[in-house]
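Engineer: Handing you this structure, nothing more for now.
The values are calculated or read from the model by the stated rules, or taken from the named source; none is laboratory data. Just so we're clear, the structure is a prediction, and the values are computed from it rather than from any experiment. A quick note on method: Cβ atoms are made from the backbone with ideal geometry, for glycine too, and the neighbour counts reach across all protein chains shown. For accessibility, only protein heavy atoms count, side chains too; no ligands or nucleic acids. Shrake-Rupley method; radii C 1.70, N 1.55, O 1.52, S 1.80 Å.
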Amino acid sequence: MAQVPNLDNALINLKSLRDQSQKELITILKNIRGKKCLVIDPKLGGSLSLIVQSSLLKEHGAELRHLNAEPIQTDCTKVVYLVRAQLDLMKFICSHIHNDISKGIQREYFVYFVPRRAVVCEKILEEEKIHHLLTIGEYPLYLIPLDEDVLSFELDVAYKEHLVDGDTTSLWHIAKAIHKLEFSFGLIPNVRAKGKASVRVADILNRMQSEEPVNTSEQMGVPEINTIILLDREVDMITPMCSQLTYEGLLDEFLGISNGAVELDSSIMGVQQEGKKIKVPLNSSDKLFKEIRDQNFEVVVQVLRQKATSMKQDYTEMQTTNQTVSELKDFVKKLNSLPEMTRHINLGQHLTTFTSKPSFLARLDMEQTLVEAESYDICFEYIEEMIHKQEPLINVLRLLILFSITNSGLPKKNFDYLRRELLHSYGFEHIATLNNLEKSGLLKKQETKSNWITIKRALRLVVEDTDTANPNDISYVFSGYAPLSIRLVQHAIRSGWRPIEEILKLLPGPHSDIKRGGFSSSPSLDSLNGSLHNSDKVVDGRRSLVLVVFIGGVTSAEISALRFLSAQEGMAYDIIVATTKIVNGSTLTETFVEKLG
């Protein structure tokens, strides 16, 4: 199955966006005539695989390499670097070119920055006296469709850069990506934002519109996207720190989904090739995956069991009774889905080896206790014990962040004690990591009383007796905890944020609500109350679209919760998600990890 996702059923024409990005890359290659060695920044490699097949790049004379410290081995006289504007990557390029010069090798060099060039990078190239040897350009890849309803800006450290380093480059990048979307689908009339970064992006977006306006004339018709909701990850750091319990969420937690695929030992997938790894794509092109990805894993196991039993019965009937041609045809149709079923039974079985471990179940219990925030001592002792047992540092930090946020920090005595124990247990080189977490406010000393219990109750975040098989609330994705972020989206769509204004003030960062362009007559979300106004309908009778943007990352479980919301009866909107990166608690925490020495 192709890794490039099928976008035919997307809610807006994402295929045209992808085709445009593909075309721009091919044009770069066409303009450099003859054979060339295309050296790709490894972080970009995965992103590009979602846009263009490597065979197409080869058709245009490109020999593919990954950029690293090692000199490039190629006979090509033209070398094209496709890189993000990162200083360490400039050093690799400099060393490659110095190596060629020292060996008397003459080549033409091209550097294309993704998505745009940076003065600081070019300064390094000048200092190393190679800038004059390079042709420099840009490949403006700002947005990558991961699936029919998910877009990624592929900014994996945006959250840490903004909160810890004070670097707001990624915010400009996000605004630019949204503005580019508007040129394709029309100016988005309603912009709602919560959090420092989100409000800043909304401001940059407005500035871009005044400097480079999207046409809002009558001929343009109704914009395809009615509303954008911008949310900082900082507003809700509780959700990503909890273990996701949807099928896709657990796959990411335990196996790590990267660029829409998991990589694992072939033996897990029933292929006997010693030590060989295989990539399993996970997107909507796989019909069974589309059906089960958003379900709670408990339910997925039952669904797969039922499907396997049903197929077994059909097979028995085939052997024991005479079938009509149409019955045979139906059976063959079912057989076509056998590879997908086998794939997910193998993956499901592998996941069960993790989810059935007592340590995982104990962790889930502790997460629930932390979210309920009513048993401080039990939580403190559990984390203390984890540190003494030297459990993986990331696992400890995830629970510690959860503990700190739900309690609005730890009393000074407990804070100092746990900090000291962590450094004793895991090494003093982790002091930089702890400083990063403190700087970002994820780990702090308690200065005020926690308002988490007020927020939790007001937004009904803990739901008793959640029915995971027939859910009627988004809390099914965490078996009883409704993601705070998605509750905020739910309120924004159903009745606006005005009724929960006081609760919003208890959450980090400011919030804003802006009407843009000539659309002040377009009904805002505040007036919708879940019922669709005629003027709000897109011409062909489809529901209006809301674009929900997560700045700092979103988990698969949150995307599942949004899909669940969108599928509810009486829901007036379809939802598309855009994010800096798809994350889980571990990958998000890892961005703050910094070892000294």
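Engineer: If you go through segment 267-285 one residue at a time, how many are without any contact (Cβ under 8 Å) to a residue 40 or more places away in the chain and either part of a helix (DSSP H, G or I) or open to solvent by 20 Å² or more (accessible area, probe 1.4 Å) (or both)?
Structural biologist: The number of residues fulfilling the criteria is 9.
Engineer: Answer yes or no as to whether residue 454 is closer than 22 Å to residue 240 by Cβ and either open to solvent by less than 50 Å² (accessible area, probe 1.4 Å) or part of a loop (DSSP other than H, G, I, E, B) (or both).
Structural biologist: It is false that residue 454 is closer than 22 Å to residue 240 by Cβ and either open to solvent by less than 50 Å² (accessible area, probe 1.4 Å) or part of a loop (DSSP other than H, G, I, E, B) (or both).
Engineer: Next up: Please state which one of 264, 288 is at pLDDT below 95, open to solvent by less than 40 Å² (accessible area, probe 1.4 Å), closer than 28 Å to residue 6 by Cβ and not in a helix (DSSP H, G or I).
Structural biologist: None of the other options fit; the residue is 264.
Engineer: Scan 72, 12 and give me the residue that is in contact with a Phe, Trp or Tyr (Cβ under 6 Å, 6 or more places away or on another chain), surrounded by 14 or more Cβ atoms within 10 Å (Cβ to Cβ) and outside any strand (DSSP E or B).
Structural biologist: Going through 72, 12 in turn, just one is in contact with a Phe, Trp or Tyr (Cβ under 6 Å, 6 or more places away or on another chain), surrounded by 14 or more Cβ atoms within 10 Å (Cβ to Cβ) and outside any strand (DSSP E or B): 12.
Engineer: So which of 517, 552 ends up being surrounded by 15 or more Cβ atoms within 10 Å (Cβ to Cβ) and either in contact with an Asp or Glu (Cβ under 8 Å, 6 or more places away or on another chain) or modelled with pLDDT of 90 or more (or both)?
Structural biologist: 552
Engineer: Hey, another quick one. For residue 136, which of the numbered conditions (1) open to solvent by 30 Å² or more (accessible area, probe 1.4 Å); (2) in a helix (DSSP H, G or I); (3) of a type in the set (Val, Ile, Thr) fails to hold?
Structural biologist: The failed condition is (2).
Engineer: Among the numbered criteria (1) at pLDDT below 70; (2) loosely packed, with under 15 Cβ neighbours inside 10 Å; (3) part of a helix (DSSP H, G or I), which single criterion is violated by residue 322?
Structural biologist: (3)
Engineer: For residue 444, all conditions in the list (1) charged (D, E, K, R); (2) at pLDDT 95 or above; (3) farther than 22 Å from residue 485 by Cβ hold save one; what is the number of the exception?
Structural biologist: All conditions are met except number (3).
Engineer: Hey, could you check segment 355-366 for residues that are assigned to a helix (DSSP H, G or I) and open to solvent by 50 Å² or more (accessible area, probe 1.4 Å) and say which is nearest to residue 480 (Cα to Cα)?
Structural biologist: 365
Engineer: Further question on the same structure: Restricting the search to segment 367-395, which residues are exposed (fewer than 13 other Cβ atoms within 10 Å of the Cβ) and more than 28 Å from residue 455 (Cβ to Cβ)?
Structural biologist: Hits for segment 367-395 are 385, 388, 389, 390, 392.
Engineer: For segment 231-261, how many residues meet the condition of being outside any helix (DSSP H, G or I), over 13 Å from the mean Cα position of the chain (by Cα) and either among the polar types (S, T, N, Q) or within 15 Å of residue 296 (Cα to Cα) (or both)?
Structural biologist: 5
Engineer: Quick one: count up the residues across segment 194-224 that are modelled with pLDDT under 95 and either part of a loop (DSSP other than H, G, I, E, B) or open to solvent by less than 10 Å² (accessible area, probe 1.4 Å) (or both).
Structural biologist: So the answer is 10.
Engineer: Can we say residue 294 is touching a strand residue (DSSP E or B) at 6+ places or on another chain (Cβ under 8 Å), part of a loop (DSSP other than H, G, I, E, B) and under 24 Å from residue 146 (Cβ atoms)?
Structural biologist: Yes; evaluated as a whole, the condition is true for this residue.
Engineer: Out of segment 466-507, which residues are open to solvent by 40 Å² or more (accessible area, probe 1.4 Å) and among the charged types (D, E, K, R)?
Structural biologist: 467, 494, 498, 501, 502, 505
Quick grid of which residues meet (1) out of contact with any Leu (no Cβ under 8 Å at 6 or more places or on another chain); (2) at positive phi; (3) open to solvent by less than 10 Å² (accessible area, probe 1.4 Å):
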site: 78; (1), (2), (3): yes, no, no
site: 83; (1), (2), (3): no, no, yes
site: 93; (1), (2), (3): no, no, yes
site: 104; (1), (2), (3): yes, yes, no
site: 110; (1), (2), (3): no, no, no
site: 116; (1), (2), (3): yes, no, no
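Engineer: Between 438, 391, which is free of Cβ contacts under 8 Å to residues at least 24 places away in the same chain and closer than 26 Å to residue 158 by Cα?
Structural biologist: After applying the criteria, what remains is 438.
Engineer: Return the residue satisfying two criteria in turn: it lies in segment 43-65 and is in a helix (DSSP H, G or I) and within 18 Å of the chain's Cα centre (by Cα), and of such residues it is surrounded by the most Cβ atoms within 10 Å (Cβ to Cβ).
Structural biologist: Of everything passing the filter in segment 43-65, 48 is surrounded by the most Cβ atoms within 10 Å (Cβ to Cβ).
Engineer: Which one of these does residue 391 not meet: (1) at pLDDT 95 or above; (2) part of a helix (DSSP H, G or I); (3) not aromatic (Phe, Trp, Tyr)?
Structural biologist: Result: residue 391 passes all but (2).
Engineer: Looking at 148, 154, 126, which one is over 18 Å from residue 582 (Cα atoms) and either open to solvent by 10 Å² or more (accessible area, probe 1.4 Å) or free of Cβ contacts under 8 Å to residues at least 60 places away in the same chain (or both)?
Structural biologist: So the residue among 148, 154, 126 that is over 18 Å from residue 582 (Cα atoms) and either open to solvent by 10 Å² or more (accessible area, probe 1.4 Å) or free of Cβ contacts under 8 Å to residues at least 60 places away in the same chain (or both) is 126.
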